[in-house]
Structures are given as structure tokens and as C-alpha cells.
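Report on the following structure.
The values are calculated or read from the model by the stated rules, or taken from the named source; none is laboratory data. On a predicted model such as this, the values are computed, not experimentally measured, just so you know. Methodologically, a virtual Cβ is constructed for each residue, glycine included, from the backbone with ideal geometry; neighbour enumeration extends over all protein chains shown. Accessible surface is based on the protein model in full, side chains and every heavy atom, while ligands, DNA and RNA are left aside. Shrake-Rupley method; radii C 1.70, N 1.55, O 1.52, S 1.80 Å.
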Amino acid sequence: VRLPAEAAPRQGKPKRARAAPAPRTRRAPATAPDEGLAEALRQWRLGEARRRGIPAFRILTDRALAALATARPETEAELLAVPGIGPKIARSHGAALLALVRGG
């Protein structure tokens, strides 16, 4: 007597239960963002967004703003090393961002 395929016992090794993935934890940045600079960047972003008629996050994300306030880049090369800042943003907003970081 043959059993139907779906009722046949499984051949081979039994599957092992997978361990639950480790919970993700956020690493604290190396240094805390400069809150005054972060606020200045948010205000600049809001003004740019209103001027262009687009949502503020389309100018720069909150993470990119926080990374800028933490890294405080002084050159275009340092600006490009900030997570969330690419060549397009550096071209279009780099001078304004660097001026804000310098405090001007």
C-alpha cells in the first residue's frame, strides 16, 4: 500500500527551529548634534520647502539634518561624507549648508 504524496513521511533532515532575530538597537552618535545648528538647519529647510512648494523632507531628511549638526562639515568633501548628502544636494544646497554650519 502506497501513501499519497502529501501524506508520505518527510525524507531527509528535520528542519531546525530558527532563533528569533536579535532586537535592533540604535547606536548613539559619536557626538551629540549641536541643537542650535540643528534648529537653524530646520528653519533653512522649511524656508526652502515653502519657496519651492514641496514638503520639507524632500529638501533634506531629519536624519541628514541630524548628521549635519553632528558632523559639522567644513568643506564640500566633508559635506559629501555626511550620510544622506549626495552630489545632487551638495551641488544645489552645499554653499548654504556650509554657511549655516560655519555660523554665517
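Some notes on this structure:
- First in the stretch 33-46 and touching a residue at least 12 places away in the same chain (Cβ under 8 Å), second anywhere and assigned to a helix (DSSP H, G or I) and not hydrophobic (A, V, I, L, M, F, W, C), Cβ under 6 Å, 6 or more apart: Pro33/Thr70
- Contact annotation: residue pairs with Cβ atoms under 6 Å, 6 or more positions apart or on different chains, pairing a residue in the stretch 81-104 that is free of Cβ contacts under 8 Å to residues at least 40 places away in the same chain with a partner that is open to solvent by 40 Å² or more (accessible area, probe 1.4 Å) and outside any helix (DSSP H, G or I), are Gly84/Thr61.
- Search result, residues across the stretch 55-75 that are assigned to a helix (DSSP H, G or I), in contact (Cβ under 8 Å) with a residue 12 or more places away in the chain and exposed (fewer than 15 other Cβ atoms within 10 Å of the Cβ): Arg63
- Residues within the stretch 32-54 that are open to solvent by 30 Å² or more (accessible area, probe 1.4 Å), of a type in the set (A, V, I, L, M, F, W, C) and assigned to a helix (DSSP H, G or I), tallied: 3
- Residues located in the stretch 76-86, provided they are open to solvent by 40 Å² or more (accessible area, probe 1.4 Å) and in a helix (DSSP H, G or I): Glu76, Ala77, Glu78, Leu80
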